[in-house]
Amino acid sequence: LLIVLVYMIFYYQTAGLAANFALVLNILFIFGVLSSLGAVLSLPGIAGIVLTIGMAVDANVLIYERIREELEIHGARDLREAIREGYNRVYSTIVDANLTNLIVCAVLLLMQPTTEVKGFALTLTIGIIATLFTALFVTRVIFDLYANVFKIRTLPMLATVMPVLGRLLRPKIDWVSLRGIFWAFS
């Protein structure tokens with residue numbers, strides 16, 4: 001978790017802070033619900049939390065990249081418009097991905113599972129619900145605060161601060177022209 005938090009701040013800077021706040025709140029929600037249910041945290045439960053961290057980071061990266069895309073590619077006039085459009089475009093993707101995971105968790109819980117599987121499925125279910133809340137609502141509030149209260153007009157990223165790194169992370173490669181090589185390789 002600590003490595004993920006440091007990386008998010010290092011690479012995504014301002015947006016990484018929002019993602020980190022949402023991620024920590026997500027973990028606190030999971031522990032709070034587990035505590036209120038009197039659940040014991042086992043190794044499978046810890047695995048569910050680790051998977052939740054990965055899914056939460058993925059959701060936050062999707063949101064941030066959509067906002068950045070709105071600013072750079074689609075020509076959003078300002079950060080507020082980019083935030084609105086970014087969330088509108090990413091909402092269904094995040095909800096669909098998490099709902100399919102919830103269905104799997106429901107199946108795991110309904111199949112008379114062993115204690116280990118039940119602990120994993122319960123922890124993951126709580127984590128998915130917490131991820132939906134923190135990724136779609138908490139980060140939205142934070143980004144709106146950035147744009148409206150703190151008057152931040154752009155969201156810097158390490159690749160934009162250090163252009164050389166940006167070229168390494170986003171190389172201009174015509175992947176379609178290389179399709180024959182990839183087909184032969186696969």
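The values are calculated or read from the model by the stated rules, or taken from the named source; none is laboratory data. Quantities reported herein were computed from a predicted structural model and do not represent experimental measurements. In this analysis, Cβ positions are derived from the backbone assuming ideal geometry, glycine residues included, and neighbour counts consider all displayed protein chains. Areas reflect the complete protein model, heavy atoms only, side chains present, ligands, DNA and RNA absent. Shrake-Rupley method; radii C 1.70, N 1.55, O 1.52, S 1.80 Å.
Can you give the relative contact order of the chain as a percent, counting alpha carbon pairs under 8 Å and 6+ residues apart?
The value is 32 percent.
Which whole DSSP H helices in the chain pass both tests: a Cα extent of 24 Å or more along the axis and a mean Kyte-Doolittle value no lower than 0.5?
Helices meeting the criterion: 14-37, 43-72, 79-110, 115-133.
Pop the C-beta distance of Thr154 and Ser92 into the FRET formula with R0 = 25 Å and round what comes out to the nearest 0.05.
After rounding to 0.05, the efficiency reads 0.45.
Project the alpha carbons of the range 108-159 onto their principal axes and report the range along each, largest first, in whole Å.
That gives 52, 24, 11 Å along the principal axes, largest extent first.
Out of the total accessible area of the chain (probe 1.4 Å, heavy atoms of protein only), what percent is carbon and sulfur?
The computed percentage sits at 70.
Kirkwood-based Rg over Rh for the range 59-133 (C-alpha set), two decimals?
My calculation puts Rg/Rh at 1.20.
Whole-Å semi-axes of the range 16-68's equivalent ellipsoid, largest first, each the root of 5 times a Cα gyration tensor eigenvalue?
25, 12, 7
State log₁₀ I(q)/I(0) for the range 13-119 at q = 0.13 Å⁻¹ as given by the Debye formula over alpha-carbon point scatterers of equal weight, solvent excluded.
For the range 13-119 at q = 0.13 Å⁻¹, log10 I(q)/I(0) is -0.61.
Length gain on complete extension for the stretch Ala39 to Val104, per 0.36 nm per residue less the alpha carbon to alpha carbon distance?
Here the answer is 21.4 nm.
For the chain, take N as its residue count and report Rg(C-alpha) divided by 2.2 N^0.38 Å.
It is 1.19.
In the chain, with Lys and Arg counted as +1 and Asp and Glu as -1 at Cβ, which of these residues, Val117, Asn88, Thr131, has the Cα nearest the positive end of the dipole, that is, farthest along it?
Selected residue: Asn88.
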